[in-house]
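Worksheet: one structure, shown below.
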Amino acid sequence: MADLERVESKKDDIYVSSAEADKMRNELEDHTTAFAGLTRIQAIRKFWRASLFCMITAFGVIMDGYQTSLPGSVLANAGFIKQFGTVVDATTGKISVNAQYISMWSGLAYLCQFIGNWSGGFISDRFGRTYTLYALTIVFTGGLITEIVARDYKDWLAAKMLMGLGQGLTQQGVLTFISEVAPTQLRGALMSTYGWSYALGQLFVSIALNALEMTDPTNYLKAIYSEFVFLGLWIIALPFLPETPWYYARKEDEVKAKKVLGKIYKGVEGYDIDREYNAMLVEIQEEKYKSKSNSEVALKDIFMGPHLRRTFASLFALVMQNWSGSPIIFNYTTYFLQQAGLPKPFQASVIVYCILLFSLMVSFYGIERLGRRTLILSGGVACTIFNLAIAGLGFAHKSDSVDNATLAFICLWVFMYAFGFAGTGWTCAAEIATPRLRAKTTAFAASTNAISGAIFNSVVPIMLSTTSRNWGVKTLFMFAILGGIGTVINFFLLPETKGRTFAELDELFDLKIAPRKMKAHVTSIEESGLKNHQ
């Protein structure tokens with residue numbers, strides 16, 4: 001046995017000669033990135049340039065958060081109500097915006113977001129990831145101009161539809177870009193910047209509207225003009241972003257792929273472009289072999305074999321954002337707080353978004369330390385409980401203590417939502433899919449989420465409006481039920497992707513390991529010693 005070496009397989013222990021064992025290790029090493037064993041701290045130091053490109057891309061999400069949240073938050077502004085309000089209270093003579101208009105604006109905006117998700121997937125696969133980023137820039141510019149010239153509900157509808165289309169392009173384009181540029185060890189944290197960046201844009205909206213409320217509450221166009229600041233900064237940063245090397249590698253354009261690798265990983269000590277490119281090719285060839293076809297990716301592929309489980313795991317990780325209650329608390333923040341009876345809704349919204357940002361920063365640590373699955377399941381349980389608490393307060397007699405308790409539970413809900421779902425859902429949506437199907441799987445998950453958002457955002461304004469259903473905070477009973485159901489589904493569907501390479505995830509799903517047991521499973525690359533099991 002002295003000349004034999006033990007090699008672990010999935011079923012049995014196999015003994016081979018030392019020479020054969022060395023050959024097996026060398027072959028696996030040639031097909032694997034040289035940096036698979038780096039810690040997160042080491043990866044940050046080595047791959048700071050790649051991380052910077054991801055952070056620049058995330059700035060586009062700040063613009064997205066600002067430009068898509070402002071139209072919903074401005075609904076409580078006196079100037080906006082004066083311009084677009086058509087319903088007059090017979091008793092008080094107070095004017096308000098028709099709840100049916102608000103429902104139509106939101107519903108059609110989400111349908112356009114659905115279109116944007118699929119359009120982004122097509123553009124990314126056909127022309128490149130950066131082309132999607134340019135497309136969303138053009139759409140957002142058109143939406144902003146339309147908002148400025150809008151004078152009735154039809155004009156505002158056109159603006160909302162353009163903003164929805166831009167948001168769909170952003171979700172697909174930014175997530176795909178970051179997932180293919182970010183180092184494996186930092187992928188979760190960098191992809192979770194999507195939620196943080198979007199929340200930062202929402203916070204800026206709250207600050208802008210609160211300042212407007214204190215200085216010039218009837219001139220809502222001042223808030224609209226401020227969107228040019230974020231759009232301008234994004235336009236300046238956009239030309240510096242490279243195409244992703246994975247896109248060129250799949251197009252078999254070796255020269256451009258290696259050129260991009262050289263730009264992204266410039267100055268990294270020990271970085272062998274040929275080896276890293278070959279490792280990418282091996283993974284791509286394995287994907288093609290599994291698909292038994294070298295043809296273009298078809299939509300049906302995401303529902304075939306093990307990809308079906310991966311598609312629905314991506315979907316339910318993301319759909320929890322809507323099912324947990326975000327359409328009521330975030331999309332209509334000031335409107336919801338106003339309907340909840342809080343005396344200063346604009347100031348309360350600033351508090352809400354400050355908590356959101358703080359919790360997202362905490363989740364950056366949690367997503368790599370605790371894992372994606374833990375965050376989503378804990379967020380689902382907590383948000384369900386807080387939804388029940390807030391909705392229950394809707395039956396209490398109106399008082400300052402009830403208002404304070406309502407705001408406190410809303411803040412707790414926001415903290416757990418951000419900690420559990422805001423960044424993690426998008427991270428899982430892009431990570432769980434195999435690289436070959438990532439663009440279409442992400443598009444399917446995001447667009448399905450957009451459809452659910454369209455439904456919720458069509459009915460929520462009617463439920464909240466005092467001139468319609470007038471359910472107020474009791475609307476959250478519906479989301480408590482949905483959130484509970486979604487949490488149970490995720491318990492059985494959602495795998496832990498923390499620290500896993502895409503090749504490892506392919507292996508785990510091919511072996512049909514139960515998602516809740518994937519974290520403990522030792523993969524072949526870990527068996528070989530090239531990577532430590534986390």
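The values are calculated or read from the model by the stated rules, or taken from the named source; none is laboratory data. Please read all numbers here as calculations on a predicted model, not as lab measurements. Because the Cβ atoms are built from the backbone with ideal geometry, glycine has one as well, and the counts that use them run over all protein chains shown. Just the protein is used for accessible areas: all its heavy atoms, side chains included, with ligands, DNA and RNA removed. Shrake-Rupley method; radii C 1.70, N 1.55, O 1.52, S 1.80 Å.
Mind telling me which of the residues Tyr220, Tyr198, Tyr225, Tyr248 ends up being within 25 Å of Tyr417 (Cβ to Cβ) and not charged (D, E, K, R)?
Every option except Tyr198 fails the conditions.
Looking only at residues in the stretch 370-412 that are modelled with pLDDT under 85 and among the charged types (D, E, K, R), which one is nearest to the chain's Cα centre (by Cα)?
Asp403
Checking the structure you have, find out if any residue of the stretch 427-436 is free of Cβ contacts under 8 Å to residues at least 24 places away in the same chain, within 25 Å of Gly305 (Cβ to Cβ), not aromatic (Phe, Trp, Tyr) and not in a helix (DSSP H, G or I).
No; the residues of the stretch 427-436 include none that is free of Cβ contacts under 8 Å to residues at least 24 places away in the same chain, within 25 Å of Gly305 (Cβ to Cβ), not aromatic (Phe, Trp, Tyr) and not in a helix (DSSP H, G or I).
Select from the stretch 240-255 the residues that are buried (at least 16 other Cβ atoms within 10 Å of the Cβ) and not in a loop (DSSP other than H, G, I, E, B) and list them in ascending order.
Result: Pro245, Trp246, Tyr247, Tyr248, Ala249, Arg250.
Exactly one condition in (1) in a helix (DSSP H, G or I); (2) more than 24 Å from Gly164 (Cα to Cα) is false for Ala396; which is it?
Only one criterion is unmet by Ala396, namely (1).
How many residues does the stretch 39-73 contain that are among the β-branched types (Val, Ile, Thr) and modelled with pLDDT of 80 or more?
Residues that pass the stated criteria total 5.
Taking the stretch 248-279 on its own, how many of its residues are at pLDDT 90 or above and touching a Gly at 6+ places or on another chain (Cβ under 9 Å)?
Residues that pass the stated criteria total 1.
Can you tell me which residue among Gly423, Gly325 is touching a residue at least 60 places away in the same chain (Cβ under 8 Å), on the phi > 0 side of the Ramachandran plot and not aromatic (Phe, Trp, Tyr)?
None of the other options fit; the residue is Gly325.
Which one of the conditions (1) out of contact with any Phe, Trp or Tyr (no Cβ under 8 Å at 6 or more places or on another chain); (2) open to solvent by 20 Å² or more (accessible area, probe 1.4 Å); (3) at pLDDT below 90 does Ala99 fail to meet, given that it meets all the rest?
Unmet for Ala99, out of (1) out of contact with any Phe, Trp or Tyr (no Cβ under 8 Å at 6 or more places or on another chain); (2) open to solvent by 20 Å² or more (accessible area, probe 1.4 Å); (3) at pLDDT below 90: (2).
Condition check: among the polar types (S, T, N, Q), under 25 Å from Phe386 (Cβ atoms), modelled with pLDDT of 80 or more and crowded, with 24+ Cβ neighbours inside 10 Å. Does Thr424 satisfy that?
Yes.
Here is a check on your reading of the model: is Val488 modelled with pLDDT of 80 or more and part of a helix (DSSP H, G or I)?
Yes, satisfied.
State whether one or more residues within the stretch 176-195 are modelled with pLDDT of 90 or more and in a helix (DSSP H, G or I).
Yes: one or more hits.
Starting from residues that are over 18 Å from Trp156 (Cβ atoms) and free of Cβ contacts under 8 Å to residues at least 40 places away in the same chain, keep the ones in the stretch 217-236 and report whichever is least open to solvent (accessible area, probe 1.4 Å).
For the stretch 217-236, the residue satisfying everything is Gly232.
Looking at (1) at pLDDT 85 or above; (2) small (Gly, Ala, Ser); (3) more than 28 Å from Ala445 (Cα to Cα), can you tell me which one Ala76 breaks?
Only one criterion in (1) at pLDDT 85 or above; (2) small (Gly, Ala, Ser); (3) more than 28 Å from Ala445 (Cα to Cα) is unmet by Ala76, namely (1).
Which numbered condition trips up Ala429, out of (1) surrounded by 24 or more Cβ atoms within 10 Å (Cβ to Cβ); (2) at pLDDT below 85; (3) within 28 Å of Ile462 (Cβ to Cβ)?
Tallying (1) surrounded by 24 or more Cβ atoms within 10 Å (Cβ to Cβ); (2) at pLDDT below 85; (3) within 28 Å of Ile462 (Cβ to Cβ), Ala429 fails exactly one: (3).
Name the single residue, out of those in the stretch 455-479 being open to solvent by less than 10 Å² (accessible area, probe 1.4 Å) and under 23 Å from the mean Cα position of the chain (by Cα), that is modelled with the lowest pLDDT.
Taking the candidates together, the pick is Asn457.
Where the second residue is open to solvent by 20 Å² or more (accessible area, probe 1.4 Å) and assigned to a helix (DSSP H, G or I) and the first is closer than 18 Å to Glu276 by Cα and lies in the stretch 495-507, which pairs have Cβ atoms under 7 Å and are six or more apart or on separate chains?
Thr501/Thr184; Phe502/Glu283; Ala503/Glu283
In the stretch 504-533, what residues are open to solvent by 40 Å² or more (accessible area, probe 1.4 Å) and either outside any helix (DSSP H, G or I) or under 16 Å from Ile432 (Cα atoms) (or both)?
Residues satisfying the conditions are Asp510, Leu511, Lys512, Arg516, Lys517, Lys519, His521, Val522, Gly529, Leu530, Asn532, His533.
How many residues are assigned to a helix (DSSP H, G or I), free of Cβ contacts under 8 Å to residues at least 24 places away in the same chain and among the hydrophobic types (A, V, I, L, M, F, W, C) when one looks only at the stretch 124-168?
4
Please verify whether Leu356 is within 15 Å of Cys411 (Cα to Cα) and modelled with pLDDT of 90 or more, treating the condition exactly as stated.
It is false that Leu356 is within 15 Å of Cys411 (Cα to Cα) and modelled with pLDDT of 90 or more.
Conditions tested, residue by residue: (1) out of contact with any Phe, Trp or Tyr (no Cβ under 9 Å at 6 or more places or on another chain); (2) surrounded by fewer than 24 Cβ atoms within 10 Å (Cβ to Cβ); (3) among the aliphatic types (A, V, I, L, M).
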{"residue": "Ile95", "(1), (2), (3)": "yes, yes, yes"}
{"residue": "Ser103", "(1), (2), (3)": "yes, yes, no"}
{"residue": "Phe127", "(1), (2), (3)": "yes, yes, no"}
{"residue": "Tyr131", "(1), (2), (3)": "yes, yes, no"}
{"residue": "Thr137", "(1), (2), (3)": "no, yes, no"}
{"residue": "Phe140", "(1), (2), (3)": "no, no, no"}
{"residue": "Lys154", "(1), (2), (3)": "yes, yes, no"}
{"residue": "Gly168", "(1), (2), (3)": "no, no, no"}
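For Glu507, indicate whether it is out of contact with any strand residue (DSSP E or B) (no Cβ under 8 Å at 6 or more places or on another chain) and under 27 Å from Ala249 (Cβ atoms).
In short, yes.
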